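Heads up, the thing below is written out as structure tokens.
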Amino acid sequence: MVKLNVNGEAVDLDVEEDTPLLWALREHLDLTGTKYGCGIAQCGACAVHIDGEVVLSCALPIDSIPKGAKIVTIEGLSPKGDHPIQKAWVELDVPQCGYCQPGIIMTAAALLAKNPKPSDAEIDEAITNICRCGTYARIRQGIHRAAGRRV
Amino acid sequence: MTHTHDITRRNFIVGTAAAGAGLTLGFYAPLGGTAPLAAEQAHEVNAWVVVKPDDTVVIRIARSEMGQGTLTGLAQLVAEELECDWSKVTTEYPTPGQNLARGRVWGSFFTTGSRGIRGSHEYVRQGGAAARQLLIEAAAIRWKAEPAECQTAASVITHVPTGRTTTYGAVAGEAADLAAPFDVALKDPKDWKIAGKPLPRLDTADKVTGKQVYGTDINLPGMLNAAIKACPVFGGTLKNYDEAKVSRMPGVRKIVPVGDDAVAVVADTWWRAQKALDALPVTWDFGPNAKASSTDSAQTLRQGLEAKDAYIGNRAGDIDAALANAATRVEADYAYPHQAHATMEPMNATALWTKNKCEVWCPTQSGEAALAATARAAGLPRSRCDVYKLHLGGGFGRRGAFHDFVEQAVTIAKELPGTPVKLIWSREEDMTHDHYHPLTQARLVGALDENGDLTGLRVRISGQSIIASVMPGRMSSGADMFVFQCLAKGGDHAISYDIPNLLFDHAMHNPHVPPGFWRGVNANQNVVYMECFIDELAHAAGKDPLAFRRKLLSKNPKSLAVLDAVAERAGWDKPAQAGVGRGLAVCKAYGSYVAACAEVSLKDTRDLKIHRIVAATDPGVAVNPRQIEMQMEGSFVYGLSALLYGECTVKEGRIEQQNFDSYEVMRLAEMPQVETIVMPSGGFWGGVGEPTIAVAAPAVLNAIFAASGKRFRQVPLKNAGLRPT
């Protein structure tokens, strides 16, 4: 039995300890907003927050998560889907197919939490997620738009 | 709930109608059963339009949404003619089973070849217009008035002489009983209020909260999960496997051979299934292609550049004479590799099989082809099967002509009757079992006269035919005419230039790696070949690449217009800043006219900086200019990923690249500034999702030459040591 804190709730999971966090979230907690893209921490579709840091959950065995660490997924980012990043994303129609967007939104939200006014270079460095539809230009605009609004 | 096969117009009931609600839609609707009870009554006015009492309008969308925005565009077209309240529009996918049962009332489901809108605009607009007429008629009958005296706006019907009003929701039930009009008039696009506008997409909200349900997210009661491994060598087969080694691993339920070339592990969760699969000892018979390599294919294709026999795709004048009489003769060889689609959502499908029926939930670019695949694998007639489509996590052509993943899922589910099984391919499986961008080379020979004008062009394409592999029935006397995309005499992929003497032909060589339609398809390599070589000719003639092209486009005003537009915006007439080179490319693809101008610099012969791209498109009619801009922007990511990195190589019969660590793609830091010009000239309907990809790579390659004097003729650039900075 593994104990986790996900989106503010304490949960007990009956899973093998080497289960990656991604699959614990998706298959045991039914939190399917976090996506599988590569399984080797390359594409960022599985990004979640652990204690405010971006973590790629597809390559993170569940037993390596510190006790009491606070995990936040896209479902828990904001109560009504109204985080400044999410609002900017809607205003600019950032998503195309949308599959990579939960991971990108989580990565962008973590960036803004630490750096309320990131420069283009700082955005380049932080957002290394893969989007095959090619929404990068609007991702950049969306982060700039959300920057400065209250997070 | 919409999934009944004996739908009558009177009792049609809609429950969940949000876009992409295929998940909810299919669940508890038994095939051929009665319509389940829904919370509220809704009326199907006609096949395209369902209206609820609160004036919510559900527009049926037959084509698939994979990011390209077709869902919103098609809804705009229906809503425009319907004159409904756009703020109350939702959408839903009819199923291919319903389409079959209703005599293909929704037409084609195929969402390939940039045809989502250009292939269905007329009948979907007629559907909206007919529904409007029925609603007006129902109101007029109530009022004992003439329909001609009624007007509509935002779902409100007004009887003009008396000022009486009612709403679509109030009369939809009566409208549903009326006979469909024989003929409806369509609006002139210049009068559009909903279509033609840059409206926000209808599918964004759920995509920013994680609520959007993709195929990989399906969760059915009692569902099991499957992971699969096919023979790594194409054409090889499964010999045997040692089930005992993994059958007691946690969660494992069953191990099943799939077809003659794959094995799957079924477990309670996908992670456990994949883990057991990784541990499963498997022996393969690698078959006749076990030694095949990229080096061998390249060698074979090189021979094709000089082969005697070839299929002619376009011919004019006397090319031999033109070359013999040339003042200057220019010759160059180019090559384009295999590339994987690498959709972010790996291949997947969920199947539920019983002796009497089979249902599948999956992302597909063609519901009808998915239904056919389902029926084939299920051993049931199509009328006993159905497919519930979900929005795709990327398509790019991978999920259109090929439903290998559907057949596999059904084959596995057949071993577990009554239990739904979700099959997800690992990224490694996805990347090594794709249907790849075709492998080709080209030799181009051009003749310039003493004035530096192009008098003749010979293009020999050597390499793979997609059609021969995928749709052999569409070959014409052994030839694949689709190979000549953007080089054809006329049509949607006509060559842009007016060249008096030309000969374009194809020496077909099909390596064992299966080819597929890859966003842009043959336009991608052909426009690299053509536009880079035109650039070479311009330089050989000592002419400005813009002026050289303009002269050849004098009989093609639409291509000229897009080319001029990018040149003007880029400031072609003024010198670029020091160290920066500009490159152009223009073509007609999927019925649209597109052009791009790239500005790049190259430092230390390896650090490539793409500063800026200006792109223009004339798609004839622009249904949603904002979506078109997004497709153009994204096209540079897809097209430049291909140019910079895209290559799948073959060693010992198998694809070497397995995941994004070895199959790199462009990331945000490398994204150039892209400025888009949408310039619809009206009068025709061109595609949007693919054309611009074709100009991305050649514009950048030509700009690299302008900046550095280096001409790169092989994709991808990583092999030449170039890295984006």
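A few comments on the model shown:
- Exercise: per-residue mean of other protein chain Cβ atoms within 10 Å, A:9-17: 1
- Residue-averaged beta-carbon neighbours from other chains (10 angstrom radius) around B:214-226: 2
- FRET efficiency, 1/(1 + (r/R0)^6) with R0 35 Å, evaluated for B:Ala244 and A:Asp12 via beta carbons: 0.60
- Per the Debye formula on identical point scatterers at the alpha carbon atoms of the protein assembly as shown, with no solvent, log10 I(q)/I(0) at q = 0.07, 0.08, 0.10 Å⁻¹ is -0.56, -0.74, -1.15.
- Debye log10 I(q)/I(0) at q = 0.16, 0.22 Å⁻¹ for segment B:419-506, Cα point scatterers: -0.80, -1.13
- With K and R counted +1 and D and E -1, the other residues having a Cβ less than 13 Å from that of B:Gly591 yield a net charge of +1.
- Computed across segment B:187-228, the Kirkwood radius stands at 14.4 Å (inverse of mean 1/r, all Cα pairs).
- Point-to-point label distance, B:Val160-A:Glu122, nm (Cα→Cβ direction, 7 Å offset): 6.0
- For the protein assembly as shown, a crude dipole built from +1 on the beta carbon of Lys and Arg and -1 on the beta carbon of Asp and Glu, taken about the Cα centre, is about 460 debye to the nearest 20.
- Taking every DSSP beta bridge that has both ends in the protein assembly as shown, the antiparallel portion is near 75%.
- Debye log10 I(q)/I(0) at q = 0.05, 0.06, 0.07, 0.08 Å⁻¹ for chain B, Cα point scatterers: -0.27, -0.39, -0.53, -0.68
- Full-extension gain in nm, B:Gln303 to B:Asp573, via 0.36 nm per residue minus C-alpha separation: 92.9 nm
- Across all directions, the average flat footprint of the convex hull enclosing the Cα atoms of segment A:2-76 is 4.2 nm².
- Environment charge at B:Gly304 (Cβ cut-off 12 Å; Lys +1, Arg +1, Asp -1, Glu -1): 0
- The trypsin sites (Lys or Arg not before Pro) of segment B:505-573 that DSSP puts in a loop, and whose beta carbon has at most 15 other beta carbons within 10 Å, are B:Lys555.
- Subtracting the Cα-Cα distance of B:Ser87 and B:Ala321 from their residue separation scaled by 0.36 nm leaves 77.8 nm.
- Contact order relative to length of segment B:240-298, as percent, for alpha carbon pairs under 8 angstrom and 6 or more apart: 34
- Over segment B:22-207, relative contact order from alpha-carbon pairs under 8 Å, at least 6 apart, %: 26
- Taking other C-beta atoms within 10 Å as the exposure proxy, B:Thr95, B:Thr152, A:Thr107 rank B:Thr152, A:Thr107, B:Thr95 from fewest upward.
- A viscosity of 1.306 mPa s and a temperature of 10 °C, combined with the Kirkwood radius over Cα pairs in Stokes-Einstein, give a translational diffusion coefficient for chain A of 102 µm²/s.
- Ordering A:His83, B:His403, B:His159, B:His611 by the number of other Cβ atoms within 10 Å of each residue's own Cβ, fewest first, gives B:His611, B:His159, A:His83, B:His403.
- Filter on A:Lys80/B:Lys88; B:Lys52/B:Lys187; B:Lys308/B:Lys651; B:Lys193/B:Lys609; A:Lys114/B:Lys211 - keep pairs with C-alpha separation over 31 Å: B:Lys193/B:Lys609
- Annotation: peptides B:132-144, B:614-626, B:652-664, B:59-71, ranked by per-residue average of other Cβ atoms within 10 Å with the highest first, follow the order B:59-71, B:614-626, B:132-144, B:652-664.
- Translational diffusion of segment B:147-216, µm² s⁻¹ [Kirkwood Rh, Cα pairs; Stokes-Einstein; 4 °C; 1.567 mPa s]: 80
Here, each number is a calculation from the coordinates, and none is a lab measurement. If you're wondering where the values come from, they're calculated on a predicted model, not measured in any experiment. No Cβ is skipped: glycine too gets one built from the backbone with ideal geometry, and neighbour counts run over all protein chains shown.
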